[in-house]
Amino acid sequence: MACNPTSQHAKIRWNKIRIGIYDVSVAEEVFTITQNYDDITAIDIGLLYEILQFLADLNSDANVTGLIVGIVNNVMFVEEEVLASAQKNDNYTALIIQVLEFQLNTVDVGNGTLDRAYPNIAVQVLDIPSDTARDGIVITMLSMDTGSLSNSDIMVETHQDTPTDSVPRDTFARVVVPIEVAQVFTNPEVMEGPSSSNNTTNGDSLGTTTASVVSSDPGETMGVSAIDSLRVAFVVYINDAIFPSPSLALLNRETQEFKREINTPVVSITIGGQKIENLMERVNITFYRFEPDSLDPTCNFWEFNLGKWSMEGCQLLPDNAINSFSNEYYTCACDHLTNFAVLVDIYAEDKSPKPALRILSIIGCAISCVCLVIAIMSYLSVKKIRRSQTHKIFICLCTTLLCLYTVSLAIIALDTEFQHAEVGLIPCSVLAALVHYFVLSSIMWMGIEGFNTYLVIVQVFNTYIPNFMIRASIVGWGIPAVIVVATGGITIKYYAVEDYCYIRKWPLIGGLLVPMAIILIINIAVFILAMRRLQNSARFEGRVKKDCKTERQETLERIQNGIAMLLLLGFTWTTGYLTLINVDFTGLLFIIFNSLQGFFIFVLYCLRKATIRKQWRRCICCALLREGGSAESTGNSGRTPRSTSGTGGSQPMFESSSAISHTNPSFDNSNKI
């Protein structure tokens, strides 16, 4: 079997290791080898890492450093599958990045700078006087070609030299470093001792600190007098080719409707050769957007030890946080310095919400709110109704639905601009948690409604349960709270989508869709059993001869009762699972059936009930009589009104002589119109 070119050169490389030749000629040879990137395998990536490690440990020459940058550029041309394999098996791509960072922080630049620009990577290394760094550092890369960094231009300025809240034209990447970073190098009160070795093979290549700096050399503590200047190393990668994430690849394989990917260049910044964390004043990183129409952007940094992107310590700022010529940029605020990028969802088609669906949602929720308020007041006003266990469940269900619609209207009102976070992370998470809670609570009360329907219609006998409403309240109000708190605690950093304040995919699946599916399946079984029992009753009654009109009326009533039961058991929420099909009309069905559920309840359980209508008429008549009586009493002041014989006092306005059935409200005998 013939060896590929990379393997042949690997033999030469090992011969030179034995004689300790690690100079610019070796770097040039490796650079030439890696230009044949089509032949490079995952094993070769490991060999390249070993070569670069030796070069970085033994040589800080500027020419060698420039060639190492070129080698990394060549590696970024290697096939995606090869780099992913090298990263997954041995973390080699992450180790190559760490070697590069180590080399940039040790290279001798004298009094000048080291600038290297290749198609895939551009770097600038310089030493800034500490006095200048105290004014804050602003690093900007300008590039008119978003497909190559070869002709990019990097500028390093201070806060005094350039405005920090605006972006120059043709900006490709920008980092605004706060004044605090320079202060931790020069303030002896925040200096800490050594924490790591300069061995680039284990963990991060930089020291670690908490709002302070740590020397990267063992046994050396950096005092104030030793810091005359700060080493600044700025790197921009045009894509995330050398940052393959197995977890991100797995997510994209499991998700068909969109692809989660990096939508910006990857920006790396190190200062003083140290790893700086937990800054009080955040570092602002501005990125050029490759896909302006992408969704759900999140700020991320590369976690070397885990080999994946993480959002910890980073937050996406609103578009108006900076002044730019267009909405072509993301701006992230992070409390540490490392490699940053923005992850987004890329859809095959436009997924922006349709204005008609938004308007329909607002109208539906508003109508349902009004209808539910009337329904709750009507049922509470009738003494015999509010004492009924069945109607107590109904009132609780209406109450939680009313809260759900109210919070939904608030979220819709706040979400004025698509793909833009109008509120902060904490209030947005609170709103998402409220929606999560009230949806779960509504479904729980629908489950309780299904259980009560089973007791009343199917079981019939031995249905008494002590303290039923107390137990039902624990299930309907308590269990949803436990689920929301548990879901939020487990996924605290990935709970809510800041764009429209709703829970993210995995909290949605585990904390909402799964318990909802369980309850809906149980309610479907209850519905089938109840309809079978009613069908058997209808057959028994069918033995008595009836005229066609009566038979049609009873059939219509049974259909209405079935629809009413479906509504209370939450069958309209099954349309939510249809939205996973990702077809426009499924979203329309979901909005119609669920935003108007309160209206449907009002029609079927208020307008349809003769008893409730009778109470409304009495209420209106009493109000008119009071108004007329008030006018009459004004004209006949001083007269003593005669009492009406046979009455022992005023009758409650909403009290009815005909009691509403204490069974399931869907089968009330007063349902006839």
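Quick note: the coordinates plus some simple rules give every number you see, no bench work behind them. Small disclaimer: the values here were computed from a predicted structure and weren't measured. Don't worry about glycine lacking a Cβ; one is built from the backbone with ideal geometry, like all the others, and counts go over all protein chains shown.
What shape does the range 79-166 have by the C-alpha gyration tensor, where a ≥ b ≥ c are the square roots of the eigenvalues, rounded means a/c under 1.5, and otherwise prolate means a/b greater than b/c and oblate the rest?
Numbers: a/c = 2.29, a/b = 1.64, b/c = 1.39.
Prolate, because a/c is 1.5 or more and a/b exceeds b/c.
What distance in nm separates the two pseudo spin-label positions at residue 607 and residue 239, each 7 Å out from Cα along the beta-carbon direction?
5.8
Sorted by mean Cβ packing within 10 Å, highest first, what order do the peptides 595-601, 110-116, 524-530 take?
Numbers: 595-601: 21.9, 110-116: 13.7, 524-530: 16.9.
Most protected by this proxy first, the peptides run 595-601, 524-530, 110-116.
Under 5 Å between amide H atoms, partner at least 5 residues away or on a different chain: which partners does residue 79 have, H built in plane at 1.01 Å?
none
List every residue whose amide H lies under 5 Å from the amide H of residue 293, counting only residues 5 or more places away in sequence or on a different chain, with H placed 1.01 Å from N in the peptide plane.
Here the answer is none, since no amide H 5 or more places off falls under 5 Å of that of residue 293.
I want to check the label-to-label distance for residue 32 and residue 357. Put each point 7 Å from Cα in the C-beta direction and report it in nm to one decimal.
Using points 7 Å along Cα→Cβ, the separation is 5.9 nm.
Could you give the length gained on full extension between residue 179 and residue 148, defined as 0.36 nm per residue of separation minus the Cα-Cα distance, in nm? Before the final figure, lay out each step's value.
Values: separation 31, 0.36 × 31 = 11.16 nm, distance 3.18 nm.
Gain on stretching residue 179 to residue 148: 8.0 nm.
Please give the length that would be gained between residue 410 and residue 592 if that part of the chain were fully extended, namely 0.36 nm times their separation in residues minus their C-alpha to C-alpha distance (nm, one decimal). Don't skip to the end; give the middle numbers.
On the way: separation 182, 0.36 × 182 = 65.52 nm, distance 1.86 nm.
Answer, rounded to one decimal: 63.7 nm.
Work out from phi, with θ = phi - 60° and the Karplus expression 6.51 cos²θ - 1.76 cosθ + 1.60, the ³J(HN,Hα) of each residue of the range 126-133, listed in order in whole Hz, and give x for Gly and Pro.
Here the 3J(HN,Hα) series is 7, 9, 9, x, 4, 4, 5, 5 Hz.
Would you please give the residues with an amide H less than 5 Å from that of residue 177, counting only those at least 5 places away or on a separate chain, with H modeled from the backbone geometry?
137, 138, 139
Using 7 Å Cα-to-Cβ label points, what is the residue 384/residue 509 separation (nm, one decimal)?
The two pseudo-label positions are separated by 5.2 nm.
Note the full-extension length gain between residue 25 and residue 291 as 0.36 nm times their separation in residues minus their Cα-Cα distance, in nm to one decimal.
Details: separation 266, 0.36 × 266 = 95.76 nm, distance 4.12 nm.
Contour length minus Cα-Cα distance gives 91.6 nm.
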